Amino acid sequence: MPLFGNTFSPKKTPPRKSASLSNLHLLDRSTREVELGLEYGIPTMNLAGQSLKFENGQWVAESGNFTGDRREMQRLRKRNQQLEEENNLLRLKVDILLDMLSETTAESHLMEKELEELKTHSRRRK
């Protein structure tokens, strides 16, 4: 018996059973797809009574009742257009303000430089 030996020696765990308990692995591919739900189809959703489906990277409305919703869509498009125009105007204003700020900053730096030159020139005369 060693004085500082390793007294902890865990027992090895028994190997796991490799056989699956499910019989789905015995089925052919088409039956497995039906059983496991691997055939998804086209994604669809229903919003506010309108059925939409996802085709070619975009949500497309399926045939349905759109008579009452056309006015809402036109109103939303008009509001969207107004907001885009307002956004463009605000971007233009920000650009103009940035230009004015940079011009004023440049003039301020020039005036400070001239002031420093005048101070140093007046000190030399004394």
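The values are calculated or read from the model by the stated rules, or taken from the named source; none is laboratory data. Not measured: the values here are computed from a predicted model. A quick note on method: Cβ atoms are made from the backbone with ideal geometry, for glycine too, and the neighbour counts reach across all protein chains shown. Just so you know, the surface numbers come from the protein's heavy atoms only, side chains and all, with ligands and any DNA or RNA stripped out. Shrake-Rupley method; radii C 1.70, N 1.55, O 1.52, S 1.80 Å.
A compact table of results
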read-out: Distance in nm between pseudo-label sites at Arg125 and Asp28 (7 Å out along the Cβ direction from Cα); value: 10.8 nm
read-out: Solvent-accessible area of Val94 with every protein chain in place, 1.4 Å probe, in Å² to the nearest 10; value: 80 Å²
read-out: Segment Ile42-Asn87, extension gain: residue separation times 0.36 nm, minus the distance between their alpha carbons; value: 12.5 nm
read-out: Heavy-atom accessible area per residue - the stretch 65-125, 1.4 Å, Å²; value: 102 Å²
read-out: Whole-Hz couplings from phi, Karplus 6.51/-1.76/1.60, listed for the stretch 99-107; x for Gly and Pro; value: 5, 5, 5, 5, 5, 5, 5, 5, 4
read-out: In nm, spacing of pseudo-spin labels at Phe54 and Thr13 (7 Å Cα→C-beta vector); value: 3.8 nm
